[in-house]
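*Asks:* Handing you a structure now.
Since every read-out is calculated from the coordinates, none of them should be taken as a lab result. In this text, all values refer to a predicted model and were calculated from it rather than measured experimentally. Cβ coordinates were reconstructed from backbone atoms using ideal geometry, including for glycine residues, and neighbour counts include every protein chain displayed.
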Ligand code: URP
Ligand code: ZN
Ligand code: ZN
Ligand code: ZN
């Protein structure tokens, strides 16, 4: 088995920081050795990577992506080949994508479809959640089988009536199932029935611009749905993970639940930490680039999200990567904001935007690795393979230059989308080299990966449950 030694770097995990060398053998980490220890001087390997001046961190785990996702009359513009390549460029070595149950069809069919989309395409590892669009007796039975085979989390939608929406009865039944089978209920928490009334009224009044997407999808309707999801989960005795939390008032609901020791978890995304309704108000339909749900909020909400990431009221930052091109996709909603495909690109920039948060003093270096690697791995049953650098872990490793400057732009990014939500933004910190199970995917800023080298990873159950 070939061996690799990464020398001279500062190893940063969620648990510790140390000047250490990392020894890799056959795709796994076999040792992390304190550089001051005598044994460090005797380590040898077939290949030595010099990480002097760099951080050596676990590959990122992005627990919320939508590759080749059918939505709003079109498909998200990254498939598993382009999307995982962009992920690798940004230091993410595992994605958890959402397989979709189509109404009237079995979970199994949706899962098979997603395996077919990813098989032979991905250049980093991937796993699946399942979106429930049709909770019925058959669906409930199938959930148990999926948990057994490694699809251990199920997203439901309180939004999008007629598309992915589940009513409270369906949600309760599915949560009773996850309570019994060890699965994790995931929730898109927005009151979609009320939102659709406000959409209709806005359009009737001629309020058709992208910024009205943010106005009708009210903070209170995110907070109300978050509260309701928590109560339904309590009634069912199920754990709950609320996705793409954007509003301070929704964070407060999570904080209250966690204060009661309930198994309730929350995720936010870089777009809610860095962008706002000011972006949605960009003139000449430019705001369409920022249409996603939950929507971007007034900038005041950002401080509450950062605070929640520090206090652990939010535990994970994922991207909700769901790109649609401005030309040819977002423009389906010209003259009617409700027809703009919902979603934003981001899989490439999560690690860097969160490193910028370290530079800016929002979070510590270890918390960066915690919310971006370690906790998503534990939350979704990927630990100890993923999310850490320890003997036995997969050798998914990023050599990261904390001092390099970069400017984000559609001209230079690797996502298959014709705009950047962060065009012109300068960040401090950049990925240098990326290993996926010991294989070099990015070598000193050159892509050396291969579609098909990424493997499907069946998951265990959430590791934050007793
Ligand atoms: O706008 C978004 N978030 N699009 C992706 C689908 C979802 O709700 O996560
Ligand atoms: Zn069918
Ligand atoms: Zn959602
Ligand atoms: Zn999503």
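*Asks:* Between helix 248-259 and the chain, what is the angle of the helix's C-alpha long axis to the longest principal axis, kept within 0 to 90° and rounded to the nearest 10?
*Replies:* 70
*Asks:* How far apart, in nm, are the 7 Å Cα→Cβ label points at residue 404 and residue 359?
*Replies:* In this crude label model, residue 404 to residue 359 measures out at 1.3 nm.
*Asks:* Fewest first, what order do 103, 155 take by the number of other Cβ atoms within 10 Å? Display every interim value, and only then the final one.
*Replies:* On the way: 103 10, 155 22.
Ranking 103, 155 by Cβ neighbours within 10 Å, fewest first, gives 103, 155.
*Asks:* Mind jotting down the distance between the C-alpha centroids of the stretch 1-44 and the stretch 54-75, whole Å?
*Replies:* 28
*Asks:* If you count, for each residue, the other Cβ atoms within 10 Å and average over each peptide, how do 168-177, 45-54 line up from highest to lowest? Display every interim value, and only then the final one.
*Replies:* Details: 168-177: 18.8, 45-54: 15.7.
Highest mean packing first, the order is 168-177, 45-54.
*Asks:* Let me ask something else about it. Please compute the Cα-Cα pair-distance distribution of the chain with 20 Å bins starting at 0, giving whole percents from short to long.
*Replies:* Pairs per bin, as whole percents: 26, 59, 14, 0.
*Asks:* Sorting 75, 157, 69, 380 on the 10 Å Cβ count, fewest up front, what's the list? Display every interim value, and only then the final one.
*Replies:* Values: 75 16, 157 23, 69 27, 380 30.
So the residues, fewest neighbours to most, are 75, 157, 69, 380.
*Asks:* Multiply the residue gap between residue 447 and residue 312 by 0.36 nm, knock off their C-alpha separation, and tell me the result in nm, one decimal place.
*Replies:* Values: separation 135, 0.36 × 135 = 48.60 nm, distance 3.51 nm.
Extra length available between residue 447 and residue 312 comes to 45.1 nm.
*Asks:* Report for the chain the percent antiparallel among DSSP-assigned beta bridges with both residues inside it, nearest 5. Kindly include the intermediate steps, with their values, before the conclusion.
*Replies:* Values: 33 of 69 bridges.
Looking only at bridges with both residues in the chain, the antiparallel portion is about 50 percent.
*Asks:* When the Cα centres of the stretch 310-389 and the stretch 190-247 are compared, how far apart do they sit, in Å?
*Replies:* Each part reduced to its Cα centre gives a spacing of 20 Å.
*Asks:* Taking only DSSP H segments of four or more residues, each worth -39500 (n - 2.57), what value at 222 nm results for the chain once the sum is divided by all its residues, to the nearest 500 deg cm²/dmol?
*Replies:* Working: 14 runs with 139 residues, N = 466.
Rounded to the nearest 500, the figure is -8500 deg cm²/dmol.
*Asks:* Give the angle, between 0 and 90 degrees and rounded to the nearest 10, that separates the Cα long axis of helix 107-118 from the longest principal axis of the Cα atoms of the chain.
*Replies:* The angle comes out at about 50 degrees.
*Asks:* Would you mind ranking 396, 196, 261, 21 by Cβ crowding within 10 Å, fewest neighbours first?
*Replies:* On the way: 396 33, 196 17, 261 7, 21 25.
Lowest to highest Cβ neighbour count: 261, 196, 21, 396.
*Asks:* Placing one identical point scatterer on every Cα of the stretch 131-201 and ignoring solvent, what is log10 I(q)/I(0) from the Debye formula at q = 0.19 Å⁻¹?
*Replies:* Scattering profile of the stretch 131-201, log10 relative to I(0): -0.70.
*Asks:* Still on this structure, please answer the following. Compute the acute angle (0 to 90°) between the alpha-carbon long axis of helix 137-149 and the principal axis of greatest extent of the alpha-carbon atoms of the chain; round to the nearest 10°.
*Replies:* 10
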